[in-house]
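Shown next, in structure tokens, is the structure this report addresses.
The values are calculated or read from the model by the stated rules, or taken from the named source; none is laboratory data. Just so it is clear, the structure is predicted and the values come from calculations on it, not from any experiment. Cβ placement follows ideal geometry from the backbone for every residue including glycine, while neighbour counts extend to all protein chains displayed. Protein only, heavy atoms only, side chains kept; ligands, DNA and RNA dropped before computing areas. Shrake-Rupley method; radii C 1.70, N 1.55, O 1.52, S 1.80 Å.
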Amino acid sequence: MMQKTLGTTKTLGTKKSRTSVRITGGALAVVIAAMLTGCFANPLDAIVENVTEETAKNTAEEIIEGVTGGETDVNFGELPDDFPTEVPLVSQNVLQSVVVAEGMMVIVSDSRSMKELAAQVKGDFAGWEQIAWSDMGEMVSAMYKKDDSLSVGVGIIGDDDEGNRVSYTIIRSEG
């Protein structure tokens, strides 16, 4: 493998930098999947209005696989087969799920208020280590960790039209 040099002493392409790129690529893949599958306003809506759900799923998978170089599974309305049972969800109304090698993301909807959902998330993860909590009114985000084996990022986003959306980004620790 050819390594590029930076100046005269530092090399690029080390195992540590590849791991960082792989993790960053995985996170980017989850964001791309969320954008293309309806979690955020989709900039391609005008182009793909008549595309079937299966075509959209396949397209999202191809894009994510191209970015991460690995297998991807995108589903609408169902949890991934290997969803960790120890991760509590505020609702079983699953909008979509995306699975990549580094982890998975699940988005659910719930008609309760942001305040009620935030209180439930805090209660649901009471036995976990809370790494971060941020409440910005129409968006709440938190990060939890369990026994160095599992990390979960939770995001609650207000949406007056369809209820609130709660996203769970799940990363299992290696080792």
Inter-residue pairs, beta-carbon under 8 Å, first without any contact (Cβ under 8 Å) to a residue 12 or more places away in the chain and within 22 Å of D147 (Cα to Cα) and in the range 77-101, second of a type outside the set (D, E, K, R) and assigned to a loop (DSSP other than H, G, I, E, B), 6+ apart: none
Candidate set: the range 114-128, residues that are open to solvent by less than 50 Å² (accessible area, probe 1.4 Å) and outside any helix (DSSP H, G or I); chosen: the one nearest to L89 (Cα to Cα): F125
Residue in the range 77-93 that is in contact with a strand residue (DSSP E or B) (Cβ under 8 Å, 6 or more places away or on another chain) and not in a loop (DSSP other than H, G, I, E, B) present: no
Verdict on S151 being closer than 27 Å to G77 by Cβ and surrounded by fewer than 18 Cβ atoms within 10 Å (Cβ to Cβ): no
Residue match in the range 107-117 (condition: of a type outside the set (A, V, I, L, M) and free of Cβ contacts under 8 Å to residues at least 40 places away in the same chain): yes
Matching entry among V106, V87, V99, V94 (being under 13 Å from N164 (Cα atoms) and buried (at least 16 other Cβ atoms within 10 Å of the Cβ)): V94
Residue within the range 116-125 that is closer than 14 Å to P84 by Cβ and out of contact with any His (no Cβ under 9 Å at 6 or more places or on another chain) present: yes
Failed item in (1) at pLDDT 90 or above; (2) open to solvent by less than 40 Å² (accessible area, probe 1.4 Å); (3) closer than 19 Å to Q96 by Cα; (4) not acidic (D, E), with A142 passing the rest: (3)
Matching residues in the range 134-165 - criterion: being out of contact with any helix residue (DSSP H, G or I) (no Cβ under 6 Å at 6 or more places or on another chain) and β-branched (V, I, T): V152, I157
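Residue-wise test of (1) among the β-branched types (V, I, T); (2) modelled with pLDDT of 90 or more.
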{"position": "E71", "(1), (2)": "no, no"}
{"position": "L89", "(1), (2)": "no, yes"}
{"position": "V94", "(1), (2)": "yes, yes"}
{"position": "A101", "(1), (2)": "no, no"}
